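Have a look at the structure below before the remarks.
Read the figures in this text as sums done on the coordinates, not as results from a lab. Not measured: the values here are computed from a predicted model. Glycine also receives a Cβ, built like all others from the backbone with ideal geometry; neighbour counts cover every protein chain displayed.
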Amino acid sequence: MKRPSVACALVSGLLLALAGCGGHKPEVYKTQLMTLGTIVDISLWDVDEARAQQAVKAVEDVLNGIHVHWHAWEPGPPGQPNLTDLNARLAAGETATVGAEDVAVLRRTQELARAGDQLFNPAIGRLIELWGFHSDDPPLGPPPAPEEIRRLVEAHPTMDDLVIEDDRVSSRNPQVQLDVGGSAKGYAVDRAIDALRALGIDNAIVNAGGGLHAIGAHGDRPWRVGIRNPAQPGIIASLEMRADESVHTSGNYERFFDYQGKRYHHILDPRTGYPAEGVLSVTVVTPDGTLADAADDALFIAGVSGWKEIARRMGVTQVMLIDADMTVHMTPQMAERLRMEIDPPPKIVVEALE
Amino acid sequence: MTRADYFVLAGALLLLPWLYASYWHRGGVGEEVRIVGADGREILASLRKDREIRIEGPLGTSVIEIHDGKARFVSSPCHGQLCVHAGWLHLGGEFTACLPNRVSLAVVGPELRYDTINF
């Protein structure tokens with residue numbers, strides 16, 4: 001018999017090596033849940049099916065729990081008081097007793113509202129309800145009567161009206177009705193990431209639409225996040241995530257109605273009582289999701305002239321604001337890592353916060 | 001080299017493109033869509049075969065169309081119509097949903113251009 005040749009040995013080796021790729025190929029496990037009033041996209045890197053299902057269940061439990069507990073207009077299940085009960089007590093001028101986690105959330109919300117110069121204002125639940133945004137489906141219009149809006153703006157409810165003593169909460173202003181829709185998503189997504197970490201999962205993204213938190217990486221490359229174009233379907237820009245970061249975007253396209261040719265969206269300016277104007281979307285990147293979520297609303301309302309001041313006050317440095325003319329304003333810290341994905345690229349203005 | 005060696009070599013060279021495509025190909029285009037209805041029932045449908053899929057939800061029927069490698073909500077009984085306005089999806093990782101009717105649509109692909117989309 002002839003000796004096997006070198007070529008034959010090389011080819012056999014190559015084939016074996018290639019076949020070896022098929023053994024354990026790490027991949028992403030992806031699924032979507034409908035909770036938090038939105039669609040939540042979960043990505044897990046290199047986790048087997050059984051652990052992935054356990055992880056998704058853990059995320060779903062955390063998000064559902066927060067969704068039900070902090071729901072601004074649907075009462076909790078029997079025996080489980082939620083935000084609607086707290087709001088009813090505040091409206092009646094009573095003092096409510098709440099849990100330790102609730103106290104922490106409310107105090108944090110107060111701090112963020114103060115840092116955001118009360119532009120991020122979760123005390124304007126009545127105004128949000130008046131506009132019809134206390135509904136799973138966006139309202140049809142028409143917008144509320146101007147005098148109704150004026151009345152609620154003049155009542156000037158803010159988070160500073162809340163008095164929190166130990167586990168007791170009351171309000172100095174009976175017009176305070178809490179709606180934490182502006183920051184709860186960030187809080188919820190961060191808690192979901194905590195739940196994943198507790199299960200030993202270190203490479204994941206939990207994305208609740210406008211707000212996501214990413215940890216670890218997609219194997220040997222970073223997680224890649226596309227940011228929606230606020231003016232048309234598609235992606236405007238993308239980011240490669242660093243190890244532990246949140247990305248939150250507020251846009252005028254999320255919840256809105258068009259009435260007589262004018263768009264009315266859900267991000268209300270507490271100073272005027274009307275949807276904030278001049279901005280299409282704001283994206284904030286920072287590790288803390290609650291901060292990012294509160295900041296994107298505050299910066300959206302602050303607008304082209306005021307966003308830098310509010311970003312400084314809130315301590316966020318990576319910001320992109322797209323104004324109504326599709327000019328993209330961003331901080332140098334955002335500009336150095338953001339990749340534009342539209343051609344031709346939009347007009348970009350890089351503005352330092354200092 | 002013997003004649004058999006040439007056969008092995010030729011066979012290996014022919015196999016290579018297939019192996020490359022199977023293991024290293026990084027296309028961004030999706031292959032299937034996963035549709036989840038209100039009852040949690042999941043439908044996996046190939047993007048290569050044009051069809052119309054009707055899903056019942058609490059509000060009525062959502063209609064999803066697959067055409068030419070893309071998928072979209074044609075109609076849904078919600079008044080927001082965000083799902084319909086999302087338009088055609090075709091890249092792996094793209095997703096949308098009719099939340100009021102509890103129907104979601106996601107493109108499943110081998111490699112994603114974006115791992116997720118902030119919207």
Would you calculate a helix-derived [θ] at 222 nm for the protein assembly as shown, using -39,500 (n - 2.57) for each DSSP H run of n ≥ 4 and dividing by the full residue count, to the nearest 500? -10000 deg cm²/dmol
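Any idea what the dipole of chain A comes to, in debye rounded to 20, about its Cα centre with Lys/Arg Cβ at +1 and Asp/Glu Cβ at -1?
1080 debye
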Gained length - residue A:232 relative to residue A:136, 0.36 nm times residue gap less alpha-carbon distance: 32.2 nm
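Fewest Cβ neighbours within 10 Å first, please rank A:34, A:159 accordingly.
In increasing order of surrounding Cβ atoms, one gets A:34, A:159.
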Cβ-derived FRET efficiency at R0 25 Å, residue A:339 paired with residue A:263, nearest 0.05: 0.30
Cα-Cα over 21 Å, subset of A:347/B:70; A:57/A:185; A:30/A:57: A:347/B:70
On a 0 to 90 degree scale, rounded to 10, what angle separates helix A:6-20 from the longest Cα axis of chain A? 20 degrees
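Please label the shape of segment B:32-108 as rounded, prolate or oblate, based on the square roots a ≥ b ≥ c of the eigenvalues of the alpha-carbon gyration tensor (a/c under 1.5 means rounded; beyond that, a/b larger than b/c means prolate, else oblate).
Prolate, because a/c is 1.5 or more and a/b exceeds b/c.
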Any idea what % of Cα-Cα pairs in segment A:174-250 are farther than 16 Å? 55 percent
Length-normalised contact order for chain B - Cα pairs under 8 Å, 6+ apart - percent: 25 percent
Taking each pair of different alpha-carbon atoms in the protein assembly as shown once, compute 1/r for the pair, average those values, and report the inverse of that mean as the Kirkwood hydrodynamic radius in Å to one decimal. 24.2 Å
